[in-house]
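Participant: Right, I'll just put the structure down here and ask away after.
The values are calculated or read from the model by the stated rules, or taken from the named source; none is laboratory data. Given the structure is predicted, the values throughout are model-derived calculations rather than measurements. Glycine gets a Cβ as well: all are built from the backbone with ideal geometry, and neighbour counts include every protein chain shown. With ligands, DNA and RNA removed, areas are computed over all heavy atoms of the protein, side chains included. Shrake-Rupley method; radii C 1.70, N 1.55, O 1.52, S 1.80 Å.
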Amino acid sequence: MPEPPAWLRWLPVLYVAAVLLLEPATPVEWPVSFVLIALPLVTAFAYGPVAVAGATVFAVVLEGVLAGTPCCAGRPVGHLWDRYYVASYVCTALVGVLGTILAAHRTHRERTLADVRFVADIAQRVLLRPVPHRIGDLLLDSLYLSAAAEARIGGDLYEAVPTRYGTRLLIGDVRGKGLLAVETAAALLGAFREAAHDEPALPALADRVETSMDRRAALLGGNEVGERFVTAVFVEIPAGEPVLRVVNCGHPPPVLIRSGEVRELDSGRSAPPLNLGVLAGEPYHVEEYSFRPGDQLLLYTDGITETRDPDGSFYPLLQRLRAWRSLPPQGLLEQLHHDLLAYSGDRLQDDIAALAVCLPADGPAGPACVAGVDIM
């Protein structure tokens, strides 16, 4: 269960200190001690029911001391049982009971929320498990950011699978939000992780995942689910070959980062998103590009390029990447993470996922992804 902030833990002490400072400075007929009635509720913001019950007893005792202490408050001892002060004791005790109940309810809800977050963290590690930092000669890293502060999982997804056909990568974005988007992402990742080892050709892999998504939509039924689709990019990097193959299904194109060059791998022949391919009736088209030592590939979801600054301008991804092209995957995504939060003023409009992979220029053990350029 998370600890409350320090200022909230100190608030009851500061509250009592303020009362003790004001009491001697105010006229006798204006008893500031009456505000101690609220002390149990102030304590309930940060402490549990036992502490609130203790604060209630303390508040009643302090009210009695201030009511009948000539040396401190200037009042005769007889005021201790004046009906106004007795009423304040009763009100403080009543508020204390309510504050104790409130504190018990709050701590129960916080424990429940902590349990839910723990389960969500486990689910995210299963659904979006961190990619290996190395597959063969390749260096990899991943990034996931949720637009909702309390969210752990969304509809953006990524995966990297080593197979006998090479390293196969996936990045995707499920249309829509909520539990259905998470279920769709889980189904897509499960189909990809299984089919990546079986299908020798990348278009066949995309087609098999498409078939799995169509089958799931048919089983679920309903117009809303039937209209749900997923944009995705499938990438294959064969071991020992200076090429990469791409099948794009309506997704933002990958970005190739090379010494002196940052460009999108967009042939203009993108297939429809998954779950809509049946409408086109055309086979998937695979594009092949050179991928040499020193090159780096960035796969990302549209939450990155659709991030806006306070003036409404979209995030200039390619411009930023030109300044970071010497960074390895981990450094690149860390820089991208911080820059997106700074650019948006810590207010992301959409979930964000990214996957970076590079072939080091100075051998498998080397960190640089661009020959002849030092890491920033």
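Participant: Restricting to region 167-192, count the residues that are more than 15 Å from S142 (Cβ to Cβ) and either among the hydrophobic types (A, V, I, L, M, F, W, C) or open to solvent by 10 Å² or more (accessible area, probe 1.4 Å) (or both). Please lay out each step first, then the result.
Facilitator: Of region 167-192, the ones more than 15 Å from S142 (Cβ to Cβ) are 174-184, 186-188, 190-191.
When the remaining residues are screened for being either among the hydrophobic types (A, V, I, L, M, F, W, C) or open to solvent by 10 Å² or more (accessible area, probe 1.4 Å) (or both), the result is 174-183, 186-188, 190-191.
Total satisfying the criteria: 15.
Participant: Just to verify a result, which residue in region 56-70, among those that are open to solvent by 40 Å² or more (accessible area, probe 1.4 Å) and either hydroxyl-bearing (S, T, Y) or touching a helix residue (DSSP H, G or I) at 6+ places or on another chain (Cβ under 9 Å) (or both), is modelled with the lowest pLDDT? Break it down stepwise before answering.
Facilitator: We begin by selecting, within region 56-70, every residue open to solvent by 40 Å² or more (accessible area, probe 1.4 Å); these are 57-58, 60-61, 65, 70.
Keeping just the survivors that are either hydroxyl-bearing (S, T, Y) or touching a helix residue (DSSP H, G or I) at 6+ places or on another chain (Cβ under 9 Å) (or both) gives 57-58, 60, 65, 70.
Working: V57: 94, F58: 93, V60: 90, V65: 80, P70: 53.
Within region 56-70, the match that is modelled with the lowest pLDDT is P70.
Participant: Taking region 123-138 only, how many residues are of a type in the set (A, V, I, L, M, F, W, C) and either open to solvent by 80 Å² or more (accessible area, probe 1.4 Å) or at pLDDT 90 or above (or both)?
Facilitator: Going residue by residue through region 123-138, those that are of a type in the set (A, V, I, L, M, F, W, C) are 123, 126-128, 131, 135, 138.
Then drop every residue that is not either open to solvent by 80 Å² or more (accessible area, probe 1.4 Å) or at pLDDT 90 or above (or both), which leaves 126, 135, 138.
Residues flagged as of a type in the set (A, V, I, L, M, F, W, C) and either open to solvent by 80 Å² or more (accessible area, probe 1.4 Å) or at pLDDT 90 or above (or both) within region 123-138 amount to 3.
Participant: A further question follows. For R215, all conditions in the list (1) surrounded by fewer than 23 Cβ atoms within 10 Å (Cβ to Cβ); (2) under 20 Å from H251 (Cα atoms); (3) of a type outside the set (F, W, Y) hold save one; what is the number of the exception?
Facilitator: Evaluating R215 over (1) surrounded by fewer than 23 Cβ atoms within 10 Å (Cβ to Cβ); (2) under 20 Å from H251 (Cα atoms); (3) of a type outside the set (F, W, Y) leaves (2) as the failure.
Participant: Which pairs turn up if I take residues in region 25-36 that are aliphatic (A, V, I, L, M) and look for partners that are modelled with pLDDT under 75 and open to solvent by less than 60 Å² (accessible area, probe 1.4 Å) with beta carbon separation below 6 Å, at least 6 apart in sequence or on another chain?
Facilitator: Cβ pairs passing all conditions: V28/G74; V28/R75; V32/T26.
Participant: Would region 139-162 turn up any residue that is open to solvent by 40 Å² or more (accessible area, probe 1.4 Å), out of contact with any strand residue (DSSP E or B) (no Cβ under 9 Å at 6 or more places or on another chain), modelled with pLDDT of 85 or more and on the phi < 0 side of the Ramachandran plot?
Facilitator: Within region 139-162 (the criterion being open to solvent by 40 Å² or more (accessible area, probe 1.4 Å), out of contact with any strand residue (DSSP E or B) (no Cβ under 9 Å at 6 or more places or on another chain), modelled with pLDDT of 85 or more and on the phi < 0 side of the Ramachandran plot), the answer is no, since none of the residues qualifies.
Participant: Here's a follow-up. Which one is nearest to T43 (Cα to Cα), of the residues in region 80-99 that are open to solvent by 40 Å² or more (accessible area, probe 1.4 Å) and touching a helix residue (DSSP H, G or I) at 6+ places or on another chain (Cβ under 6 Å)?
Facilitator: Start the filter on region 80-99 by keeping residues that are open to solvent by 40 Å² or more (accessible area, probe 1.4 Å), which leaves 80-84, 86-87, 90-91, 93-94, 97-98.
Pick out the ones that are also touching a helix residue (DSSP H, G or I) at 6+ places or on another chain (Cβ under 6 Å) and you get 80, 91.
Values: L80: 25, C91: 16 Å.
Among those that are open to solvent by 40 Å² or more (accessible area, probe 1.4 Å) and touching a helix residue (DSSP H, G or I) at 6+ places or on another chain (Cβ under 6 Å), it is C91.
Participant: Residues to consider are A87, A114, A120; find the one that is modelled with pLDDT under 90, part of a helix (DSSP H, G or I), touching a Lys or Arg at 6+ places or on another chain (Cβ under 9 Å) and not acidic (D, E). Please lay out each step first, then the result.
Facilitator: Numbers: A87 fails: touching a Lys or Arg at 6+ places or on another chain (Cβ under 9 Å); A114 fails: touching a Lys or Arg at 6+ places or on another chain (Cβ under 9 Å).
Just a single option satisfies the conditions, and that option is A120.
Each row is one residue, and each column tells you yes or no for (1) loosely packed, with under 13 Cβ neighbours inside 10 Å; (2) modelled with pLDDT of 90 or more; (3) not in a loop (DSSP other than H, G, I, E, B).
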position: P24; (1), (2), (3): yes, no, no
position: A46; (1), (2), (3): no, yes, no
position: A51; (1), (2), (3): no, yes, yes
position: G54; (1), (2), (3): no, yes, yes
position: C72; (1), (2), (3): yes, no, yes
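Participant: Moving to a separate point now. In region 300-319, which residues are over 16 Å from I171 (Cβ atoms) and surrounded by fewer than 18 Cβ atoms within 10 Å (Cβ to Cβ)? First the steps, then the outcome.
Facilitator: Just the residues of region 300-319 that are over 16 Å from I171 (Cβ atoms), to begin with: 307-316, 318-319.
Of everything in region 300-319, those that are over 16 Å from I171 (Cβ atoms) and surrounded by fewer than 18 Cβ atoms within 10 Å (Cβ to Cβ) turn out to be R308, D309, P310, D311, G312, S313, F314, P316, L318, Q319.
Participant: Considering region 284-299 alone, what residues qualify as being in contact with a Gly (Cβ under 9 Å, 6 or more places away or on another chain) and either under 12 Å from P254 (Cβ atoms) or open to solvent by less than 60 Å² (accessible area, probe 1.4 Å) (or both)?
Facilitator: The answer is Y284, G294.
Participant: Please go through region 304-323 and pick out each residue that is of a type in the set (S, T, N, Q) and within 16 Å of I257 (Cβ to Cβ).
Facilitator: Once the filter is applied, which keeps residues that are of a type in the set (S, T, N, Q) and within 16 Å of I257 (Cβ to Cβ), region 304-323 yields T305, Q319.
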